[in-house]
1. What does the charge count around A22 come to, taking other residues whose C-beta lies under 13 Å from its C-beta (Lys +1, Arg +1, Asp -1, Glu -1)?
2. Using only protein heavy atoms and a 1.4 Å probe, report how much of W86 is accessible, in Å² to the nearest 10.
3. For E13, what is the net charge nearby, where nearby means another residue's Cβ is under 10 Å from its Cβ and Lys, Arg count +1, Asp, Glu -1?
4. Relative to the present Cα-Cα distance, how much length would full extension add between W6 and D77 at 0.36 nm per residue of separation?
5. How large is the charge dipole for the stretch 1-82, taken about the Cα centre, if only the Cβ atoms of Lys, Arg (+1) and Asp, Glu (-1) carry charge, to the nearest 20 debye?
6. Once amide H atoms are built 1.01 Å from N in the peptide plane, which residues 5 or more positions from Q21, or in another chain, come under 5 Å H to H?
Amino acid sequence: MENGVWDAIHVIEVLPKDQSQAEYKLTSTVMLSAAKKDVFRLEGSLTRQAERQSNSKHGHLPNVGAMVEEMEGDMRDSLQQVYFGWCCQVISAIRNTGQKLPSKLVQDLKLKTL
């Protein structure tokens with residue numbers, strides 16, 4: 001990789017339940033862009049939601065921070081498995097070894113990339 005960008009947006013809703021409990025609703029979107037010279041460019045986004053009830057007697061910031069960190073970690077793992085796993089699969093499948101690729105493989109790749 002020569003150039004990569006990870007950008008994230010987190011929107012949180014806090015609903016107080018009583019003096020010491022609150023419900024937290026988090027919506028997170030990450031946008032990923034990675035490129036290697038003129039060889040390939042990979043871009044994508046992923047949105048996830050989570051809800052949690054937590055003790056809020058020490059304030060909301062510790063709860064929100066923990067939720068955001070956990071969500072970003074989960075999303076990073078998902079993107080690594082899905083996008084980079086898929087990218088490696090495609091590159092391996094289309095690597096030219098001097099032989100013509102089977103037409104079924106070419107057709108499958110066309111369908112999956114559209």
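The values are calculated or read from the model by the stated rules, or taken from the named source; none is laboratory data. This structure is a prediction, so every number in the text was calculated from the model and none was measured. Here the Cβ positions follow ideal geometry from the backbone for every residue, glycine too, while neighbour counts run over all protein chains shown. Surface areas here come from the heavy atoms of the whole protein model, side chains and all, with no ligands, DNA or RNA. Shrake-Rupley method; radii C 1.70, N 1.55, O 1.52, S 1.80 Å.
1. 0
2. Rounded to the nearest 10, that gives 80 Å².
3. Once all neighbours under 10 Å are counted, the net charge is -1.
4. Contour length minus the Cα-Cα distance gives 24.3 nm.
5. 20 debye
6. Amide H neighbours of Q21: S56.
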